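A.B. asks: Below: one structure in C-alpha coordinates.
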Amino acid sequence: MTNNTYAVIMAGGVGARFWPLSRMERPKQFLSVFGEQSLIEDTVDRLRKRIDPQRILIITNHLHEDRTRELFPWLPQDNIIGEPMGRNTAACVALAALILADRDPDARMIVLPADHFIGDEEEFLCTLERAISACRSGHLVTLGIQPTSPETGYGYIQHEAEELAPGIHPVRTFAEKPNYDTALLFLKSGDFLWNSGIFIWEVEAIIDGFERWLPDLWEVLQELRPHLTSPRFHEVLLACYQRLQPVSIDIGIMEPASRQKGKVRVIRASFPWNDVGTWAEVYRMRDKDELGNAVHSLSREFDKPPVIMIDSNQNLVMTEQRAVALVGIQKAIVIDTADALLVCHQDHHQDVRHVIQRLKEDGYHELL
(Lines give C-alpha, C1' and ligand atoms only; values in the text may rest on other atoms or scores of the structure.)
Protein backbone atom coordinates (compact mmCIF):
# COMPACT_ATOMS: atom_id res chain seq x y z
CA MET A 1 0.00 0.00 0.00
CA THR A 2 1.09 3.60 -0.51
CA ASN A 3 2.36 5.60 2.46
CA ASN A 4 -0.82 7.69 2.46
CA THR A 5 -3.16 4.67 2.65
CA TYR A 6 -4.99 4.30 5.96
CA ALA A 7 -7.34 1.61 7.24
CA VAL A 8 -10.39 2.59 9.29
CA ILE A 9 -11.97 -0.37 11.10
CA MET A 10 -15.57 0.12 12.18
CA ALA A 11 -15.98 -1.79 15.45
CA GLY A 12 -19.02 -0.24 17.07
CA GLY A 13 -21.63 -2.90 16.34
CA VAL A 14 -23.57 -4.79 18.98
CA GLY A 15 -24.21 -8.08 17.14
CA ALA A 16 -27.81 -8.43 18.34
CA ARG A 17 -28.41 -11.52 16.19
CA PHE A 18 -25.54 -13.28 18.00
CA TRP A 19 -27.25 -13.35 21.38
CA PRO A 20 -26.68 -14.97 23.86
CA LEU A 21 -22.95 -15.15 23.12
CA SER A 22 -22.82 -11.53 22.00
CA ARG A 23 -23.52 -9.08 24.83
CA MET A 24 -23.16 -5.35 25.39
CA GLU A 25 -19.80 -5.84 27.10
CA ARG A 26 -18.63 -8.39 24.49
CA PRO A 27 -20.20 -7.80 21.07
CA LYS A 28 -19.69 -9.97 18.01
CA GLN A 29 -16.37 -8.49 16.90
CA PHE A 30 -14.75 -9.71 20.14
CA LEU A 31 -15.97 -13.29 19.74
CA SER A 32 -13.79 -16.19 18.62
CA VAL A 33 -16.23 -17.81 16.23
CA PHE A 34 -13.89 -19.68 13.88
CA GLY A 35 -10.59 -20.03 15.73
CA GLU A 36 -8.52 -18.88 18.66
CA GLN A 37 -8.61 -15.22 17.68
CA SER A 38 -11.56 -12.86 17.72
CA LEU A 39 -13.00 -11.47 14.49
CA ILE A 40 -11.48 -8.03 15.11
CA GLU A 41 -8.04 -9.56 15.73
CA ASP A 42 -8.31 -11.40 12.41
CA THR A 43 -9.25 -8.14 10.69
CA VAL A 44 -6.32 -6.18 12.14
CA ASP A 45 -3.81 -8.97 11.44
CA ARG A 46 -5.02 -9.13 7.86
CA LEU A 47 -4.49 -5.41 7.30
CA ARG A 48 -1.14 -5.05 9.05
CA LYS A 49 0.41 -7.31 6.41
CA ARG A 50 0.26 -4.34 4.03
CA ILE A 51 -0.46 -1.29 6.19
CA ASP A 52 1.79 0.10 8.91
CA PRO A 53 0.08 0.04 12.35
CA GLN A 54 0.64 3.78 12.54
CA ARG A 55 -1.98 4.05 9.78
CA ILE A 56 -4.61 1.67 11.21
CA LEU A 57 -7.50 3.31 13.08
CA ILE A 58 -10.22 1.56 15.04
CA ILE A 59 -13.50 3.36 15.73
CA THR A 60 -15.35 1.50 18.48
CA ASN A 61 -17.92 2.16 21.18
CA HIS A 62 -16.53 3.90 24.26
CA LEU A 63 -17.62 0.86 26.31
CA HIS A 64 -15.12 -1.27 24.40
CA GLU A 65 -12.28 1.22 24.12
CA ASP A 66 -10.26 -0.31 26.98
CA ARG A 67 -10.77 -3.85 25.70
CA THR A 68 -9.62 -2.78 22.23
CA ARG A 69 -6.48 -1.19 23.68
CA GLU A 70 -5.74 -4.41 25.58
CA LEU A 71 -6.00 -6.44 22.37
CA PHE A 72 -3.78 -4.06 20.39
CA PRO A 73 -1.26 -2.47 22.76
CA TRP A 74 1.09 -1.89 19.83
CA LEU A 75 -1.36 0.45 18.09
CA PRO A 76 -0.88 4.18 18.76
CA GLN A 77 -3.22 5.16 21.58
CA ASP A 78 -4.85 7.94 19.56
CA ASN A 79 -5.61 5.47 16.75
CA ILE A 80 -8.31 3.86 18.90
CA ILE A 81 -11.32 6.16 19.19
CA GLY A 82 -14.38 5.42 21.29
CA GLU A 83 -17.70 6.79 20.05
CA PRO A 84 -19.87 7.98 22.97
CA MET A 85 -22.95 6.32 21.44
CA GLY A 86 -23.95 4.51 18.27
CA ARG A 87 -24.95 6.79 15.40
CA ASN A 88 -24.60 4.30 12.53
CA THR A 89 -21.81 4.19 9.97
CA ALA A 90 -21.99 7.68 8.43
CA ALA A 91 -20.99 9.34 11.71
CA CYS A 92 -18.19 6.80 12.18
CA VAL A 93 -16.80 7.46 8.69
CA ALA A 94 -17.14 11.23 9.06
CA LEU A 95 -15.27 11.16 12.37
CA ALA A 96 -12.44 9.13 10.83
CA ALA A 97 -12.30 11.42 7.79
CA LEU A 98 -12.05 14.48 10.02
CA ILE A 99 -9.17 12.95 11.99
CA LEU A 100 -7.29 11.73 8.91
CA ALA A 101 -7.71 15.01 7.04
CA ASP A 102 -6.00 16.72 9.96
CA ARG A 103 -3.13 14.22 9.95
CA ASP A 104 -2.71 13.78 6.19
CA PRO A 105 -4.80 15.81 3.70
CA ASP A 106 -3.73 13.40 0.93
CA ALA A 107 -4.90 10.32 2.82
CA ARG A 108 -6.68 7.47 1.13
CA MET A 109 -9.09 5.54 3.34
CA ILE A 110 -9.99 1.88 3.39
CA VAL A 111 -13.15 1.63 5.51
CA LEU A 112 -14.26 -1.82 6.58
CA PRO A 113 -16.17 -3.64 9.33
CA ALA A 114 -14.32 -5.37 12.15
CA ASP A 115 -16.34 -8.58 12.10
CA HIS A 116 -16.35 -10.06 8.59
CA PHE A 117 -14.85 -13.32 7.39
CA ILE A 118 -12.32 -13.15 4.54
CA GLY A 119 -11.31 -16.49 3.10
CA ASP A 120 -8.33 -15.60 0.89
CA GLU A 121 -6.21 -12.91 2.52
CA GLU A 122 -3.79 -12.48 -0.35
CA GLU A 123 -6.58 -12.00 -2.89
CA PHE A 124 -8.31 -9.61 -0.50
CA LEU A 125 -5.18 -7.47 -0.13
CA CYS A 126 -4.58 -7.48 -3.88
CA THR A 127 -8.18 -6.32 -4.40
CA LEU A 128 -7.60 -3.46 -1.98
CA GLU A 129 -4.51 -2.47 -3.98
CA ARG A 130 -6.66 -2.27 -7.10
CA ALA A 131 -9.26 -0.26 -5.23
CA ILE A 132 -6.66 2.26 -4.07
CA SER A 133 -5.74 2.88 -7.71
CA ALA A 134 -9.41 3.05 -8.75
CA CYS A 135 -10.32 5.72 -6.18
CA ARG A 136 -8.14 8.39 -7.74
CA SER A 137 -9.71 11.60 -9.04
CA GLY A 138 -12.50 11.68 -6.50
CA HIS A 139 -14.15 8.32 -7.20
CA LEU A 140 -15.86 6.46 -4.39
CA VAL A 141 -15.08 2.75 -4.62
CA THR A 142 -16.75 -0.22 -2.97
CA LEU A 143 -16.21 -3.97 -3.14
CA GLY A 144 -19.05 -6.18 -4.37
CA ILE A 145 -19.27 -9.93 -3.83
CA GLN A 146 -20.62 -12.29 -6.48
CA PRO A 147 -23.86 -13.66 -4.99
CA THR A 148 -24.23 -17.41 -4.75
CA SER A 149 -27.77 -17.52 -3.38
CA PRO A 150 -30.83 -15.25 -3.05
CA GLU A 151 -29.68 -13.93 0.32
CA THR A 152 -32.16 -11.63 2.05
CA GLY A 153 -29.78 -10.54 4.81
CA TYR A 154 -27.44 -8.55 2.55
CA GLY A 155 -27.73 -5.27 0.71
CA TYR A 156 -27.05 -5.35 -3.04
CA ILE A 157 -25.20 -3.21 -5.59
CA GLN A 158 -26.35 -3.04 -9.20
CA HIS A 159 -23.60 -2.15 -11.66
CA GLU A 160 -23.54 -0.98 -15.26
CA ALA A 161 -22.52 -3.37 -18.01
CA GLU A 162 -19.61 -1.08 -18.91
CA GLU A 163 -16.27 -2.31 -17.61
CA LEU A 164 -13.86 0.50 -16.74
CA ALA A 165 -11.06 -2.00 -16.10
CA PRO A 166 -11.17 -5.78 -15.57
CA GLY A 167 -13.79 -6.37 -12.88
CA ILE A 168 -14.47 -2.67 -12.24
CA HIS A 169 -17.87 -1.18 -13.14
CA PRO A 170 -19.75 2.07 -12.60
CA VAL A 171 -22.48 1.64 -9.99
CA ARG A 172 -26.06 2.07 -11.13
CA THR A 173 -27.81 1.84 -7.77
CA PHE A 174 -27.75 0.44 -4.24
CA ALA A 175 -30.56 -1.78 -3.00
CA GLU A 176 -31.50 -2.44 0.60
CA LYS A 177 -32.02 -5.97 1.96
CA PRO A 178 -34.69 -7.50 -0.31
CA ASN A 179 -37.38 -10.11 0.26
CA TYR A 180 -36.74 -13.57 -1.13
CA ASP A 181 -38.50 -13.09 -4.49
CA THR A 182 -36.63 -9.85 -5.14
CA ALA A 183 -33.33 -11.41 -4.11
CA LEU A 184 -33.99 -14.23 -6.59
CA LEU A 185 -34.50 -11.66 -9.36
CA PHE A 186 -31.25 -9.96 -8.35
CA LEU A 187 -29.41 -13.26 -8.54
CA LYS A 188 -30.80 -14.11 -11.98
CA SER A 189 -30.10 -10.67 -13.44
CA GLY A 190 -26.33 -11.06 -13.28
CA ASP A 191 -25.65 -7.38 -12.62
CA PHE A 192 -26.24 -7.36 -8.85
CA LEU A 193 -23.53 -7.99 -6.27
CA TRP A 194 -23.69 -8.36 -2.51
CA ASN A 195 -22.73 -5.16 -0.74
CA SER A 196 -19.62 -6.01 1.31
CA GLY A 197 -19.64 -2.79 3.33
CA ILE A 198 -16.00 -2.20 2.37
CA PHE A 199 -15.23 1.24 0.91
CA ILE A 200 -12.14 2.95 -0.49
CA TRP A 201 -11.76 6.66 -1.24
CA GLU A 202 -9.56 9.72 -0.94
CA VAL A 203 -10.29 11.61 2.27
CA GLU A 204 -10.92 14.75 0.22
CA ALA A 205 -13.53 12.91 -1.88
CA ILE A 206 -15.53 11.58 1.07
CA ILE A 207 -15.43 14.98 2.79
CA ASP A 208 -16.85 16.46 -0.40
CA GLY A 209 -19.57 13.80 -0.20
CA PHE A 210 -20.49 14.80 3.34
CA GLU A 211 -20.57 18.47 2.40
CA ARG A 212 -22.94 17.69 -0.49
CA TRP A 213 -25.24 15.01 0.88
CA LEU A 214 -24.95 15.09 4.67
CA PRO A 215 -24.10 18.74 5.35
CA ASP A 216 -25.87 18.88 8.72
CA LEU A 217 -23.87 15.96 10.09
CA TRP A 218 -20.62 17.36 8.74
CA GLU A 219 -21.32 20.83 10.13
CA VAL A 220 -21.88 19.45 13.64
CA LEU A 221 -18.59 17.53 13.58
CA GLN A 222 -16.67 20.65 12.59
CA GLU A 223 -16.84 21.65 16.24
CA LEU A 224 -14.29 18.89 16.86
CA ARG A 225 -11.59 20.42 14.68
CA PRO A 226 -9.93 22.57 17.40
CA HIS A 227 -10.05 19.67 19.84
CA LEU A 228 -8.73 16.68 17.88
CA THR A 229 -5.60 16.48 20.03
CA SER A 230 -6.83 18.30 23.13
CA PRO A 231 -8.00 16.91 26.50
CA ARG A 232 -11.51 18.13 25.64
CA PHE A 233 -11.85 15.79 22.65
CA HIS A 234 -14.19 13.26 24.29
CA GLU A 235 -16.27 15.98 25.92
CA VAL A 236 -16.85 17.78 22.61
CA LEU A 237 -17.37 14.48 20.77
CA LEU A 238 -20.17 13.58 23.17
CA ALA A 239 -21.83 16.97 22.66
CA CYS A 240 -21.62 16.50 18.88
CA TYR A 241 -22.92 12.93 18.83
CA GLN A 242 -25.90 13.84 20.98
CA ARG A 243 -27.07 16.10 18.14
CA LEU A 244 -26.54 13.64 15.27
CA GLN A 245 -29.26 11.59 13.61
CA PRO A 246 -28.29 7.98 12.83
CA VAL A 247 -27.77 7.29 9.14
CA SER A 248 -25.74 4.67 7.29
CA ILE A 249 -22.95 5.59 4.89
CA ASP A 250 -24.80 3.61 2.18
CA ILE A 251 -27.99 5.64 2.44
CA GLY A 252 -26.41 8.96 3.35
CA ILE A 253 -23.56 9.09 0.84
CA MET A 254 -23.28 6.11 -1.52
CA GLU A 255 -26.86 6.12 -2.79
CA PRO A 256 -26.98 9.83 -3.75
CA ALA A 257 -23.41 9.66 -5.07
CA SER A 258 -24.35 6.77 -7.38
CA ARG A 259 -26.85 9.06 -9.10
CA GLN A 260 -23.92 11.19 -10.24
CA LYS A 261 -22.76 9.34 -13.33
CA GLY A 262 -19.41 7.63 -12.87
CA LYS A 263 -18.89 8.86 -9.31
CA VAL A 264 -19.17 5.43 -7.65
CA ARG A 265 -17.34 2.34 -8.82
CA VAL A 266 -17.62 -1.26 -7.69
CA ILE A 267 -14.93 -3.90 -7.92
CA ARG A 268 -16.21 -7.43 -8.42
CA ALA A 269 -14.27 -9.20 -5.66
CA SER A 270 -13.39 -12.88 -5.97
CA PHE A 271 -12.21 -13.71 -2.44
CA PRO A 272 -14.49 -15.78 -0.16
CA TRP A 273 -16.47 -13.38 2.05
CA ASN A 274 -19.17 -13.54 4.68
CA ASP A 275 -20.44 -10.84 7.00
CA VAL A 276 -21.05 -13.50 9.71
CA GLY A 277 -24.28 -11.70 10.51
CA THR A 278 -26.27 -14.54 12.07
CA TRP A 279 -25.89 -17.97 13.63
CA ALA A 280 -27.12 -19.47 10.36
CA GLU A 281 -24.05 -18.03 8.64
CA VAL A 282 -21.84 -19.61 11.29
CA TYR A 283 -23.55 -22.95 10.62
CA ARG A 284 -22.93 -22.66 6.88
CA MET A 285 -19.25 -21.97 7.39
CA ARG A 286 -18.39 -24.52 10.06
CA ASP A 287 -17.26 -28.10 9.42
CA LYS A 288 -20.10 -30.61 9.72
CA ASP A 289 -20.39 -34.34 10.35
CA GLU A 290 -22.02 -36.83 7.98
CA LEU A 291 -25.50 -35.77 9.19
CA GLY A 292 -24.82 -32.09 8.65
CA ASN A 293 -24.42 -31.25 12.34
CA ALA A 294 -21.91 -28.59 13.41
CA VAL A 295 -20.75 -28.73 17.03
CA HIS A 296 -18.41 -26.34 18.83
CA SER A 297 -17.31 -25.88 22.42
CA LEU A 298 -17.42 -22.33 23.76
CA SER A 299 -15.13 -23.29 26.62
CA ARG A 300 -11.49 -24.25 26.36
CA GLU A 301 -12.01 -26.61 29.28
CA PHE A 302 -13.48 -29.20 26.89
CA ASP A 303 -11.51 -30.79 24.05
CA LYS A 304 -14.78 -32.14 22.69
CA PRO A 305 -18.13 -30.58 23.55
CA PRO A 306 -20.53 -32.92 25.38
CA VAL A 307 -23.16 -33.06 22.65
CA ILE A 308 -25.33 -36.06 21.78
CA MET A 309 -27.36 -36.23 18.56
CA ILE A 310 -30.09 -38.86 18.11
CA ASP A 311 -32.09 -38.83 14.87
CA SER A 312 -31.05 -35.19 14.49
CA ASN A 313 -29.43 -33.49 11.52
CA GLN A 314 -28.41 -30.11 10.08
CA ASN A 315 -28.08 -28.52 13.53
CA LEU A 316 -25.65 -26.00 14.99
CA VAL A 317 -24.81 -26.59 18.66
CA MET A 318 -22.41 -24.38 20.61
CA THR A 319 -22.12 -25.10 24.32
CA GLU A 320 -20.08 -23.51 27.06
CA GLN A 321 -19.96 -26.28 29.64
CA ARG A 322 -23.19 -28.26 29.90
CA ALA A 323 -24.06 -31.44 28.03
CA VAL A 324 -26.55 -30.92 25.20
CA ALA A 325 -28.70 -33.69 23.75
CA LEU A 326 -30.89 -33.33 20.66
CA VAL A 327 -33.46 -36.01 19.83
CA GLY A 328 -35.43 -35.87 16.59
CA ILE A 329 -34.39 -32.28 15.86
CA GLN A 330 -33.59 -30.80 12.45
CA LYS A 331 -32.18 -27.42 11.39
CA ALA A 332 -31.93 -26.01 14.91
CA ILE A 333 -29.56 -23.43 16.35
CA VAL A 334 -28.69 -24.19 19.97
CA ILE A 335 -26.38 -21.75 21.79
CA ASP A 336 -25.88 -22.64 25.45
CA THR A 337 -23.99 -20.19 27.70
CA ALA A 338 -23.61 -19.97 31.47
CA ASP A 339 -26.70 -17.78 31.97
CA ALA A 340 -28.80 -18.10 28.81
CA LEU A 341 -29.92 -20.66 26.24
CA LEU A 342 -31.03 -19.94 22.68
CA VAL A 343 -33.01 -22.50 20.69
CA CYS A 344 -33.97 -21.26 17.25
CA HIS A 345 -34.97 -22.77 13.91
CA GLN A 346 -32.47 -21.86 11.21
CA ASP A 347 -35.24 -20.37 9.08
CA HIS A 348 -35.75 -17.73 11.79
CA HIS A 349 -32.09 -16.81 12.30
CA GLN A 350 -32.76 -13.13 11.50
CA ASP A 351 -35.30 -12.91 14.32
CA VAL A 352 -32.84 -13.46 17.17
CA ARG A 353 -32.46 -9.68 17.40
CA HIS A 354 -36.07 -9.52 18.64
CA VAL A 355 -34.98 -11.36 21.77
CA ILE A 356 -32.87 -8.32 22.69
CA GLN A 357 -35.88 -6.05 22.37
CA ARG A 358 -38.02 -8.35 24.52
CA LEU A 359 -35.33 -8.53 27.21
CA LYS A 360 -35.20 -4.73 27.29
CA GLU A 361 -38.96 -4.43 27.51
CA ASP A 362 -39.16 -6.99 30.32
CA GLY A 363 -36.33 -5.43 32.30
CA TYR A 364 -33.75 -8.23 32.02
CA HIS A 365 -30.88 -5.81 31.43
CA GLU A 366 -28.34 -8.15 33.01
CA LEU A 367 -28.82 -10.47 30.01
CA LEU A 368 -28.16 -7.80 27.37
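The values are calculated or read from the model by the stated rules, or taken from the named source; none is laboratory data. Please read these numbers as outputs of a predicted model, since none were measured by experiment. Cβ: placed from backbone, ideal geometry, glycine included. Neighbour counts: every protein chain shown. Only protein heavy atoms, including side chains, enter the accessible area calculation; ligands, DNA and RNA are left aside. Shrake-Rupley method; radii C 1.70, N 1.55, O 1.52, S 1.80 Å.
A.B. asks: Scan 197, 144, 138, 190 and give me the residue that is modelled with pLDDT of 95 or more and on the phi > 0 side of the Ramachandran plot. First the steps, then the outcome.
C.D. replies: Numbers: 144 fails: on the phi > 0 side of the Ramachandran plot; 138 fails: modelled with pLDDT of 95 or more; 190 fails: modelled with pLDDT of 95 or more.
Answer to the selection: 197.
A.B. asks: Here is a follow-up. Does the stretch 191-204 contain at least one residue that is surrounded by fewer than 18 Cβ atoms within 10 Å (Cβ to Cβ), closer than 26 Å to residue 275 by Cα, touching a residue at least 12 places away in the same chain (Cβ under 8 Å) and of a type outside the set (A, V, I, L, M, F, W, C)?
C.D. replies: yes
A.B. asks: How many residues, within the stretch 62-83, are in contact (Cβ under 8 Å) with a residue 24 or more places away in the chain, under 18 Å from residue 238 (Cβ atoms) and open to solvent by less than 30 Å² (accessible area, probe 1.4 Å)?
C.D. replies: The total comes to 4.
A.B. asks: Same structure again: For residue 342, indicate whether it is out of contact with any Cys (no Cβ under 9 Å at 6 or more places or on another chain), more than 19 Å from residue 35 (Cα to Cα), at pLDDT 95 or above and open to solvent by less than 30 Å² (accessible area, probe 1.4 Å).
C.D. replies: Yes, satisfied.
A.B. asks: Spot the failing condition for residue 287; the list is (1) open to solvent by 30 Å² or more (accessible area, probe 1.4 Å); (2) among the acidic types (Asp, Glu); (3) modelled with pLDDT of 90 or more; (4) under 26 Å from residue 14 (Cβ atoms), and only one is missed.
C.D. replies: Looking at each condition in turn, residue 287 falls short on (4).
A.B. asks: Out of curiosity, is residue 8 open to solvent by less than 30 Å² (accessible area, probe 1.4 Å), touching a residue at least 60 places away in the same chain (Cβ under 8 Å) and outside any loop (DSSP other than H, G, I, E, B)?
C.D. replies: yes
A.B. asks: Further, regarding this structure: Can you pull out every residue in the stretch 257-268 that is in contact with a Gly (Cβ under 8 Å, 6 or more places away or on another chain) and either at pLDDT below 95 or part of a loop (DSSP other than H, G, I, E, B) (or both)?
C.D. replies: Listed by number, the list holds a single entry, 263.
A.B. asks: Would you say residue 237 is modelled with pLDDT under 95 and of a type in the set (A, V, I, L, M, F, W, C)?
C.D. replies: No; evaluated as a whole, the condition is false for this residue.
A.B. asks: Can you tell which of 84, 150, 166 is modelled with pLDDT under 95, touching a Phe, Trp or Tyr at 6+ places or on another chain (Cβ under 9 Å) and more than 19 Å from residue 51 (Cβ to Cβ)?
C.D. replies: Being modelled with pLDDT under 95, touching a Phe, Trp or Tyr at 6+ places or on another chain (Cβ under 9 Å) and more than 19 Å from residue 51 (Cβ to Cβ) holds for just one of 84, 150, 166, which is 150.
A.B. asks: Got a sec? Which helices (runs of 4 or more DSSP H) wholly within the stretch 179-247 have at least 2 residues that are among the β-branched types (Val, Ile, Thr)?
C.D. replies: 203-213
A.B. asks: Residue check: is residue 309 part of a strand (DSSP E or B) and in contact with a His (Cβ under 6 Å, 6 or more places away or on another chain)? Before the answer, list the steps.
C.D. replies: Working: part of a strand (DSSP E or B): yes; in contact with a His (Cβ under 6 Å, 6 or more places away or on another chain): no.
No.
A.B. asks: Now for a different question. Can we say residue 124 is of a type outside the set (S, T, N, Q), over 17 Å from residue 198 (Cβ atoms) and open to solvent by less than 30 Å² (accessible area, probe 1.4 Å)?
C.D. replies: no
A.B. asks: Looking at residue 282, is it touching a residue at least 60 places away in the same chain (Cβ under 8 Å), on the phi < 0 side of the Ramachandran plot and touching a Cys at 6+ places or on another chain (Cβ under 8 Å)?
C.D. replies: no
A.B. asks: When the stretch 324-367 is examined, which residues are found to be more than 30 Å from residue 291 (Cβ to Cβ) and either within 24 Å of the chain's Cα centre (by Cα) or not hydroxyl-bearing (Ser, Thr, Tyr) (or both)? Break it down stepwise before answering.
C.D. replies: Within the stretch 324-367, the first condition is being more than 30 Å from residue 291 (Cβ to Cβ), and the residues that meet it are 356-367.
Across the stretch 324-367, the qualifying residues are 356, 357, 358, 359, 360, 361, 362, 363, 365, 366, 367.
A.B. asks: Out of all the residues in the stretch 212-235, is one or more open to solvent by less than 70 Å² (accessible area, probe 1.4 Å), touching a strand residue (DSSP E or B) at 6+ places or on another chain (Cβ under 8 Å) and among the β-branched types (Val, Ile, Thr)?
C.D. replies: No, the stretch 212-235 contains no residue that is open to solvent by less than 70 Å² (accessible area, probe 1.4 Å), touching a strand residue (DSSP E or B) at 6+ places or on another chain (Cβ under 8 Å) and among the β-branched types (Val, Ile, Thr).
A.B. asks: Return the total of residues in the stretch 253-276 being open to solvent by less than 10 Å² (accessible area, probe 1.4 Å) and within 23 Å of residue 27 (Cβ to Cβ).
C.D. replies: Count: 1.
A.B. asks: Okay, moving on. Among the candidates 175, 161, which residue alone is surrounded by fewer than 23 Cβ atoms within 10 Å (Cβ to Cβ) and more than 28 Å from residue 349 (Cα to Cα)?
C.D. replies: 161
A.B. asks: Out of the stretch 296-318, which residues are open to solvent by less than 30 Å² (accessible area, probe 1.4 Å) and modelled with pLDDT of 90 or more?
C.D. replies: Within the stretch 296-318, 312, 315, 316, 317, 318 qualify.
A.B. asks: Something else now. Considering (1) at pLDDT 95 or above; (2) buried (at least 19 other Cβ atoms within 10 Å of the Cβ); (3) over 15 Å from the mean Cα position of the chain (by Cα), say which one residue 21 fails and leave the rest.
C.D. replies: Result: residue 21 passes all but (1).
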